[in-house]
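Structure record follows, encoded as structure tokens.
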Amino acid sequence: MQQIPISLLTLVAGILITLFSIWFGQNHGLLPEQASVQAPLVDGFFNIMVTIATALFVVVEGTIVIFLWKFRYRKGDEGDGLPIEGNLPLEVFWTAIPSIIVICLGIYSVDVFARMGGLDVHNHTSSHVAQVAQTTLVSSPLDASKTENKSLIGIGAASDRPNKPVDLTVDVTGMQFAWIFNYPDSGVTAGELHVPVGAEVQLNLSAKDVIHSFWVPQFRLKQDAIPGVPTQLRFVATKVGTYPIICTELCGGYHGSMRSQVIVHTLDEFESWLEQNRVAQQKPEQVVAVTPAELSSHSQKM
Ligand SMILES: [Cu+2]
């Protein structure tokens, strides 16, 4: 029987490994569900890395196993192994391939970052004359001064929606060991983040004591909250549901318990939640301040 040429075996193995890696890259099941418009972008990048890593793993580990078997000790073989020294073409080859892969991944990652809005961080707070905000409270100088955020760090408008106004602004404060969410347009403060599905949400992040990091795995978004340095995070939630908010910067002894939740509502649900909390949290002084003239003079002192 004739032997199968080694080049043909290599070709078939290459095709099988490629097909398996592509399949595994799409079906690894390592990530939680996608719940923001940014999530598919991040996952596309992650899946490509998993595909490449799978192929490398199978090739390297497979070669080790095959060679362990093929060049195993045979009875009576007491001689030395072949003295093999460097192989320049081979070394150039195995240096060039990873270099090209890493450069391509670098370019792709910057592209994903840009499409998520990482390169377009502006102060959008002036433009939040949005549907959601309108239903809650009249804009006032007090609100404007509160939402002032000159941050140029974070995630801004996604590149396919560069001029889309922000529908909802939330001031997020990180402190040892809790997140506080303040809705400047309605004066509501909460320990959990409530947002309407499909709305362009901007979080203005700050920290009271040490660096914290705001992370929602299902959104694939993460942003540091830094004392004295305002940061921002814009996102659009795509799925109604409750997702964890995790502090992902080691911030002290109870860092592990610094967790909250983001509740993504339908727009109707969100509006009734906001209205309920606005009424519940309204103090007598604030009721007096509804007169626009008084509001502007008071806001100077604050
Ligand atoms: Cu923290």
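The residue pairs whose first member lies in region 254-268 and is basic (K, R), whose second member is open to solvent by less than 60 Å² (accessible area, probe 1.4 Å), and whose beta carbons are closer than 8 Å, counting only pairs six or more residues apart or on different chains, are R259/P244; R259/I245; R259/I246; R259/C247. Take the conditions (1) touching a residue at least 60 places away in the same chain (Cβ under 8 Å); (2) open to solvent by 90 Å² or more (accessible area, probe 1.4 Å); W69 misses just one of them, which is (1).
Under 24 Å from E33 (Cα atoms), more than 10 Å from the ligand (Cβ to nearest atom) and open to solvent by 10 Å² or more (accessible area, probe 1.4 Å): which single residue out of G191, G187 fits that description? Testing whether each residue is under 24 Å from E33 (Cα atoms), more than 10 Å from the ligand (Cβ to nearest atom) and open to solvent by 10 Å² or more (accessible area, probe 1.4 Å) leaves just G191. When T242, T169 are checked against the criterion of being within 29 Å of A280 (Cβ to Cβ), under 19 Å from the mean Cα position of the chain (by Cα), outside the structural domain of Q34 (by TED's automatic domain parsing) and open to solvent by 10 Å² or more (accessible area, probe 1.4 Å), a single residue qualifies: T242. Looking across region 224-267, the residues that are in contact with a Pro (Cβ under 9 Å, 6 or more places away or on another chain), away from the ligand (no atom under 15 Å from the Cβ) and not in a loop (DSSP other than H, G, I, E, B) come down to A237, Y243, Q261, V262, V264, H265, L267. Take the conditions open to solvent by less than 90 Å² (accessible area, probe 1.4 Å) and either within 25 Å of P217 (Cβ to Cβ) or in a helix (DSSP H, G or I) (or both) and apply them to L8. Does it pass? For L8, the condition - open to solvent by less than 90 Å² (accessible area, probe 1.4 Å) and either within 25 Å of P217 (Cβ to Cβ) or in a helix (DSSP H, G or I) (or both) - is met.
The lone criterion from (1) without any contact (Cβ under 8 Å) to a residue 60 or more places away in the chain; (2) open to solvent by 60 Å² or more (accessible area, probe 1.4 Å) left unmet by I48 is number (1).
Listed here are the residues, each with its yes/no results for (1) in contact with a helix residue (DSSP H, G or I) (Cβ under 8 Å, 6 or more places away or on another chain); (2) in contact (Cβ under 8 Å) with a residue 24 or more places away in the chain.
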| site | (1), (2) |
| --- | --- |
| V188 | yes, yes |
| H194 | yes, yes |
| A199 | yes, yes |
| N204 | yes, yes |
| W215 | no, yes |
| P227 | no, no |
| P230 | no, yes |
| L250 | no, no |
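The values are calculated or read from the model by the stated rules, or taken from the named source; none is laboratory data. As the structure is a prediction and not an experimental result, all values here were calculated from the model. We place every Cβ from the backbone using ideal geometry, glycine too, and count neighbours over all the protein chains shown. Each accessible area value is taken on the protein alone, full model and side chains, heavy atoms only, with ligands, DNA and RNA left out. Shrake-Rupley method; radii C 1.70, N 1.55, O 1.52, S 1.80 Å.
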